[in-house]
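Engineer: Below: one structure in structure tokens.
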Amino acid sequence: MNIRDAGPDDMPAVTVIYNEAVETTTAIWNETPVDTANRVEWLAARRKAGYPVLVAVDGDAGVVGYASFGDWRAFDGYRHTVEHSVYVRSDQRRKGIAEALMVALIDRARALGKHVMVAAIEAQNASSIRLHEKLGFRQVGLLPEVGTKFGKWLDLAFLQIQLDQRSDPDRVAGR
């Protein structure tokens, strides 16, 4: 398996993975599938912001997963914090793909000088929570019944990992 930066040619496969999660899981709290043009625009926006979109490619299977991060919140005070997402094609789950993508994503966030990475996970998604904890994330909050999908209320667990040990935000910003 190869993990690399995504390009526009990868977006049809990313669209399939995204829509599968929309239609069959509570990992994405959207209920409307998107088209490839939407994912191409999303990729361009991430690139413009200086953020990675990574794909996992496995031989004949093609793109089997993707991951990215972006701003956690739009205010200047949060500029050192990012929120990530990682999705794996349903026929490729439980093969270590999400973990490999996450390790690469954490490395990218550190290289960009980010301080914290946040994960927002549907609270019943025990396997995703375990994976994040294995990688050093810790649960820091739970928001009960803040979302809904498939006719039920969903709780949102927040996990985070501190990416560096620097405590002075001006040093992080290079000032």
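Each value in this text was obtained by applying a stated rule to the coordinates, not by laboratory testing. Predicted, not measured: the structure shown is a model, and the values here were computed from it. Every residue, glycine as well, gets a Cβ built from its backbone with ideal geometry; the counts of neighbours run over all protein chains shown.
Engineer: Restricting segment 5-47 to residues that are of a type in the set (D, E, K, R) and surrounded by fewer than 17 Cβ atoms within 10 Å (Cβ to Cβ), which is farthest from VAL63 (Cα to Cα)?
Structural biologist: Taking segment 5-47 first, the residues of a type in the set (D, E, K, R) are 5, 9-10, 20, 23, 31, 35, 39, 41, 46-47.
If we keep only those that are surrounded by fewer than 17 Cβ atoms within 10 Å (Cβ to Cβ) as well, we get 5, 9, 23, 31, 35, 41, 46-47.
Numbers: ASP5: 12, ASP9: 11, GLU23: 19, GLU31: 23, ASP35: 17, GLU41: 19, ARG46: 19, ARG47: 19 Å.
It comes out as GLU31.
Engineer: Of the residues VAL22, VAL16, only one is outside any loop (DSSP other than H, G, I, E, B) and over 22 Å from GLY147 (Cβ atoms); which? Please lay out each step first, then the result.
Structural biologist: Working: VAL22 fails: over 22 Å from GLY147 (Cβ atoms).
Going through VAL22, VAL16 in turn, the sole match is VAL16.
Engineer: Tell me which residues, restricted to segment 16-66, are hydroxyl-bearing (Ser, Thr, Tyr), farther than 26 Å from GLN124 by Cβ and in contact with a helix residue (DSSP H, G or I) (Cβ under 8 Å, 6 or more places away or on another chain). Break it down into steps so the answer makes sense when it comes.
Structural biologist: Let us first name the residues in segment 16-66 that are hydroxyl-bearing (Ser, Thr, Tyr), namely 18, 24-26, 32, 36, 51, 66.
Next, from what is left, pick out any that are farther than 26 Å from GLN124 by Cβ: 36, 51.
THR36, the sole residue that qualifies.
Engineer: While we're on this one: Based on what the data block shows, is ASP60 among the charged types (D, E, K, R) and either farther than 24 Å from ASP9 by Cα or crowded, with 17+ Cβ neighbours inside 10 Å (or both)?
Structural biologist: Numbers: among the charged types (D, E, K, R): yes; either farther than 24 Å from ASP9 by Cα or crowded, with 17+ Cβ neighbours inside 10 Å (or both): no.
When the stated conditions are applied, ASP60 does not pass them.
Engineer: Starting from segment 1-14, keep only residues that are touching a residue at least 60 places away in the same chain (Cβ under 8 Å), then list their pairs with residues that are part of a helix (DSSP H, G or I) and of a type outside the set (Lys, Arg) whose Cβ atoms are within a distance under 7 Å, requiring at least 6 positions of separation or different chains.
Structural biologist: MET1/ILE97; MET1/ALA100; ILE3/ALA100; ILE3/LEU101; ILE3/ALA104; ALA6/VAL14; ALA6/LEU43
Engineer: I would also like to ask the following. Search segment 34-56 for residues being among the charged types (D, E, K, R), free of Cβ contacts under 8 Å to residues at least 24 places away in the same chain and assigned to a helix (DSSP H, G or I), and hand back the single one that is farthest from GLU83 (Cα to Cα).
Structural biologist: If we filter segment 34-56 for residues that are among the charged types (D, E, K, R), which is where we start, we get 35, 39, 41, 46-48.
The next check asks that each one be free of Cβ contacts under 8 Å to residues at least 24 places away in the same chain; those that pass are 35, 41, 47-48.
Checking the rest, the ones that are also assigned to a helix (DSSP H, G or I) come to 41, 47-48.
Details: GLU41: 19, ARG47: 15, LYS48: 17 Å.
Restricting to residues being among the charged types (D, E, K, R), free of Cβ contacts under 8 Å to residues at least 24 places away in the same chain and assigned to a helix (DSSP H, G or I), the top hit is GLU41.
Engineer: Same structure, new question: Starting from residues that are surrounded by fewer than 17 Cβ atoms within 10 Å (Cβ to Cβ) and under 16 Å from the mean Cα position of the chain (by Cα), keep the ones in segment 48-57 and report whichever is farthest from ALA111 (Cα to Cα).
Structural biologist: Of everything passing the filter in segment 48-57, ALA49 is farthest from ALA111 (Cα to Cα).
Residues are listed down the side, and each one gets a yes or a no for (1) within 18 Å of VAL22 (Cβ to Cβ); (2) in a strand (DSSP E or B); (3) among the aliphatic types (A, V, I, L, M):
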| site | (1), (2), (3) |
| --- | --- |
| SER85 | yes, yes, no |
| ARG110 | no, no, no |
| ALA120 | yes, yes, yes |
| HIS132 | no, no, no |
| GLU145 | no, yes, no |
